[in-house]
Amino acid sequence: MSAMYEKLVDILGNHFAVDRGTITPEATFEDLKMDSLFLVEFLLVIQSEFDVKLEDDAATLTDTIGHVAHLLEGRTKATAQ
């Protein structure tokens, strides 16, 4: 998977104590037993970590980790240009 995906796995594991063995590109936030409050906090950490702006609805509980990695790859490339 991409470097962005690996960074998200690190954030989930280090900041939120999610078992890395449960994280896959196809795993949704629901699969990882996360609620909407967790998702908001996760998005705030991502914004701070990658210096990007994300809308409140940028990700939902049914989105996959791979989807969020892809979204961030697009945002960070757009910011760099």
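Amide H to amide H distances under 5 Å link M34 with no residue, where only residues 5 or more positions off or on other chains count and H is placed in the peptide plane. Along the chain, counting only GluC sites (Glu not before Pro) with a DSSP assignment other than H, G, I, E or B and at most 10 other Cβ atoms inside a 10 Å radius, the longest segment between sites is 27-54. Only lysines eight or more places from K53 in sequence, or on another chain, were considered; those with a Cα closer than 16 Å are K77. Among the trypsin sites (Lys or Arg not before Pro) within region 1-64, those in coil by DSSP and having at most 14 neighbouring Cβ atoms inside 10 Å are K33, K53. log₁₀ I(q)/I(0) of the chain at q = 0.11, 0.19, 0.24 Å⁻¹, via Debye over equal Cα point scatterers, no solvent, to two decimals? Here the Debye-derived log intensity ratios amount to -0.24, -0.76, -1.28. Once the 1.4 Å probe is applied to the protein heavy atoms, the chain comes out at 60 Å² accessible per residue. Placing +1 on the Cβ of every Lys and Arg and -1 on the Cβ of every Asp and Glu, with nothing else charged, gives the chain a dipole about its Cα centre of roughly 260 debye.
The stretch between K77 and T60 holds 3.9 nm of extra length on full extension. This uses 0.36 nm per residue minus the Cα-Cα distance.
Compared with the alpha-carbon gap, the fully stretched path from V45 to H70 is longer by 7.3 nm at 0.36 nm per residue.
Extending 7 Å from the Cα toward the beta-carbon at both D35 and S2 defines two label points whose distance is 3.1 nm.
The values are calculated or read from the model by the stated rules, or taken from the named source; none is laboratory data. Because the structure is a prediction, the values reported are computed rather than measured. Every residue, glycine as well, gets a Cβ built from its backbone with ideal geometry; the counts of neighbours run over all protein chains shown. To get the accessible areas, we keep the full protein, side chains included, count just its heavy atoms, and leave off ligands, DNA and RNA. Shrake-Rupley method; radii C 1.70, N 1.55, O 1.52, S 1.80 Å.
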